[in-house]
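The values are calculated or read from the model by the stated rules, or taken from the named source; none is laboratory data. Keep in mind that this is a model prediction, so the values were computed, not measured. Quick reminder, even Gly has a Cβ in these numbers, built from the backbone with ideal geometry, and neighbours come from all protein chains shown.
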């Protein structure tokens with residue numbers, strides 16, 4: 001459960017929260033709380049415990065969530081544009097129609113996460129763990145997924161135009177109906193990868 005003091009400070013507004021975080025000696029614990037619809041833009045949540053938090057329709061644009069624990073959090077329809085989620089733990093998080101445009105999730109853990117119909121254009125997912133993640137119908141135009149783990153991930157009908165998948169592990173990943181036009185798959189592992197009805201025109205891969 002969330003620390004009541006931490007939650008009380010956050011309810012004073014993001015300016016008060018960020019000021020408090022500058023001098024705080026402990027990591028923030030907001031686990032299990034309802035933060036749906038709040039304006040948390042540019043908030044400081046470095047290594048914060050946000051597990052099982054309801055962030056539905058919350059504004060987290062430009063927020064610092066580096067190393068944050070967001071396991072099983074609900075981020076449906078939240079705005080995470082340009083948010084810093086490097087090394088964050090989003091395993092089994094639920095994201096439907098979530099905006100992550102130009103966000104950074106390098107080395108983030110998104111294993112078994114739901115990212116259905118999400119907006120991931122320009123996102124940095126390099127070295128991220130997307131084991132069994134569900135990215136159904138998500139828009140990942142020009143996303144950087146270099147070295148990412150997509151083992152058994154579902155990318156059915158996703159927009160992957162000009163996506164970077166060099167050195168990515170796509171073992172048993174499902175790309176049925178996905179648009180991979182001009183995608184870069186150099187040195188990617190495509191063993192048992194399902195490309196049924198996928199658009200692979202102009203794809204760059206090993207000769």
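Here residue 2 meets each of (1) touching a strand residue (DSSP E or B) at 6+ places or on another chain (Cβ under 9 Å); (2) assigned to a loop (DSSP other than H, G, I, E, B); (3) at pLDDT 95 or above with one exception, condition (3).
Do we find a residue being more than 29 Å from residue 132 (Cβ to Cβ) and either within 16 Å of the chain's Cα centre (by Cα) or touching a residue at least 24 places away in the same chain (Cβ under 8 Å) (or both) anywhere in segment 79-88? No, the conditions are met nowhere in segment 79-88. Filtering segment 52-70 to residues that are farther than 17 Å from residue 104 by Cβ and surrounded by fewer than 21 Cβ atoms within 10 Å (Cβ to Cβ) leaves 52, 54, 56, 57, 59.
Would you mind stating whether residue 19 is surrounded by fewer than 22 Cβ atoms within 10 Å (Cβ to Cβ) and part of a loop (DSSP other than H, G, I, E, B)? No: the conditions fail for residue 19.
Taking the numbered list (1) farther than 22 Å from residue 109 by Cα; (2) at pLDDT 95 or above; (3) assigned to a loop (DSSP other than H, G, I, E, B) in turn, residue 25 passes all entries but (2). Being under 23 Å from residue 143 (Cβ atoms) and in contact (Cβ under 8 Å) with a residue 24 or more places away in the chain, is that true of even one residue in segment 17-40? No; the residues of segment 17-40 include none that is under 23 Å from residue 143 (Cβ atoms) and in contact (Cβ under 8 Å) with a residue 24 or more places away in the chain.
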